[in-house]
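Just so it is clear, none of the values below were taken in a lab; they were calculated from the coordinates. For clarity, every value in this text was computed on a predicted model and none was experimentally measured. Cβ coordinates were reconstructed from backbone atoms using ideal geometry, including for glycine residues, and neighbour counts include every protein chain displayed.
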Amino acid sequence: MLDLTYVRGQFPAFSEPSLQGWAFFENAGGSYACQPVIDRLTRFYQQRKVQPYAPYPASEAGGAEMDEARTRLSALMNIAPDELSFGPSTTQNTYVLAQAVRQAMQPGEAIIVTNQDHEANSGPWRRLADHGIEVREWKIDPQTGHLDPAALENLLDESVRLVCFPHCSNVVGEINPVAEITALAHAAGAWVCVDGVSYAPHGLPDLDVLGCDIYLFSAYKTYGPHQGIMAIRRALAELLPNQGHSFNGDTLYKKFTPAGPDHAQIAACAGMVDYIEGLAAHQGVSPREVAGLMHAHEVALMQPLLDYLDAKNSVRLLGPAQAENRAPTIAVALQRPAEEVARGLAQHGIMAGGGDFYAVRPLSGMGVDLDKGVLRLSFVHYTAPDEVEKLLKALDAVL
Ligand SMILES: Cc1ncc(COP(=O)(O)O)c(C=O)c1O
């Protein structure tokens, strides 16, 4: 069982005086940062804020910490260190990748996108239609928001080069069977790009198990600094054209990041691994088993909230009502503007948001009134049972 006291002790936000009395339910927007990340970021700014990789101690230490972040994160995800790169955000990373993929495709070839994705893993790919690429949409069920792999099979043929879909949508919450979907796409000869932004905070995946060619997530939603992280498997990374400086094209982790990297934030990403490894050691499990502990805790907290929302006539719960195959990113449509309700919850010490969360396509696909948007209640493994109770009481007062 997850030791919640230990977990919360790793997040300074829980002892921050100005946050006392507030229960945080907008974690899918951005999580609290863990102590090792804050420590590493502070140390970098205080002791190593120089150009890295030069032959003097402060610079060498800064460069080594940047390498350490890449090496340890990639090990956790079971990929080679040069298969992992950092970029400013997942949205910017997909833009760059979309340019690379476009250059590797011929007009008339096709890609598949979903209407379950956040715009970051949808819009940049859809724009390839302007360059003669056929864009096919794998549509969600309008009632449940579910993406049916059987429907993907009907869209796949020999002209499809890429399939893009989310590991978990930021409004539907259902965990998609990535390995199964990837196997279907690969069998048809297509690459696979997975948006893992909404899933990664609940456990970093083993990419050998998932099998996908690209896996993207955002460190700032995964207890880290504001960075986007891209895992691109070697076979695809080598095949795609260089998007960085011409002389960096042979270095896979530089090939898809045209921007100069944010040294301090990359270095601080090693703190995410410090946290996961520290938690694993404390619990007596392997770092990859931490996800299971997180999930069990989240499921136990989530089910009463799902039951409550599902039973309320005035709200429409989006996504599954059962916690087991879900992330605790729970969106509900209401009969009034969701932001108004979020403001009401704030009166009761609840931090939550209302709106479209850039999930305009899935919300439209499920017939949600975009002017009202959805109230999103999202939490992670550091959330405590009494915070969920506080949320339930607050919902009773405002709904
Ligand atoms: C599922 C999902 N994908 C992608 C993004 C975009 O990430 P970033 O803010 O790093 O561009 C978000 C951000 O909310 C998201 O929730």
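First check a/c for the chain, with a ≥ b ≥ c the square roots of the eigenvalues of its C-alpha gyration tensor; if it is under 1.5, answer rounded, and if not, answer prolate when a/b is larger than b/c or oblate otherwise.
oblate
Can you put S246, S15, S85 in order of Cβ neighbours within 10 angstrom, beginning with the fewest?
Starting with the residue having the fewest Cβ neighbours, the order is S246, S15, S85.
Looking only at segment 177-330, where both bridge partners belong to it, what percent of the DSSP beta bridges are antiparallel (to the nearest 5)?
In segment 177-330, DSSP labels about 60 percent of beta bridges as antiparallel.
Once Lys and Arg get +1 and Asp and Glu get -1 on their Cβ, which of N242, A300, P12 lies farthest toward the positive end of the dipole of the chain?
Going by the Cα projections, it comes out as P12.
Using a cut-off of 14 Å between beta-carbons, work out the net charge of the residues near V172 (Lys and Arg +1, Asp and Glu -1, V172 not included).
Overall, the nearby charge balance is -1.
Have a look at the DSSP beta bridges in the chain and tell me what percent are antiparallel, nearest 5.
55 percent
Given +1 on the Cβ of Lys and Arg, -1 on the Cβ of Asp and Glu, and no further charges, what dipole in debye does the chain carry about its Cα centre, rounded to the nearest 20?
Magnitude of the dipole: close to 760 debye.
Please give the net charge around D250, taking every other residue with its beta carbon less than 12 angstrom from that of D250, where Lys and Arg add +1 and Asp and Glu add -1.
0
Can you compute 3J(HN,Hα) from phi for each residue in segment 240-246, using the Karplus curve 6.51 cos²θ - 1.76 cosθ + 1.60 with θ = phi - 60°, rounded to whole Hz and x for Gly and Pro?
Karplus values, whole Hz, x for Gly and Pro: 6, x, 4, 10, x, 4, 4.
Below 28 Å Cα-Cα, how many Lys pairs turn up in the chain? Only count pairs eight or more apart in sequence, or on different chains, if you could.
16
Sequence-distant or interchain residues sharing an amide H contact under 5 Å with S198, placed H: which?
C168
Among D67, D213, which comes first, then next, by fewest other beta-carbon atoms within 10 Å?
D67, D213
Around L334, what is the net charge, scoring Lys/Arg as +1 and Asp/Glu as -1 over all other residues with Cβ under 13 Å from its Cβ?
+2
Would you list the membrane-span-like helices of the chain, meaning whole DSSP H runs whose alpha-carbon atoms span at least 30 Å along their axis and whose mean Kyte-Doolittle value is at least -0.5?
Helices passing the filter in the chain: 290-311.
In debye, nearest 20, what is the charge dipole magnitude of segment 266-373 about its Cα centre with +1 on Lys and Arg Cβ and -1 on Asp and Glu Cβ, if you could check?
240 debye
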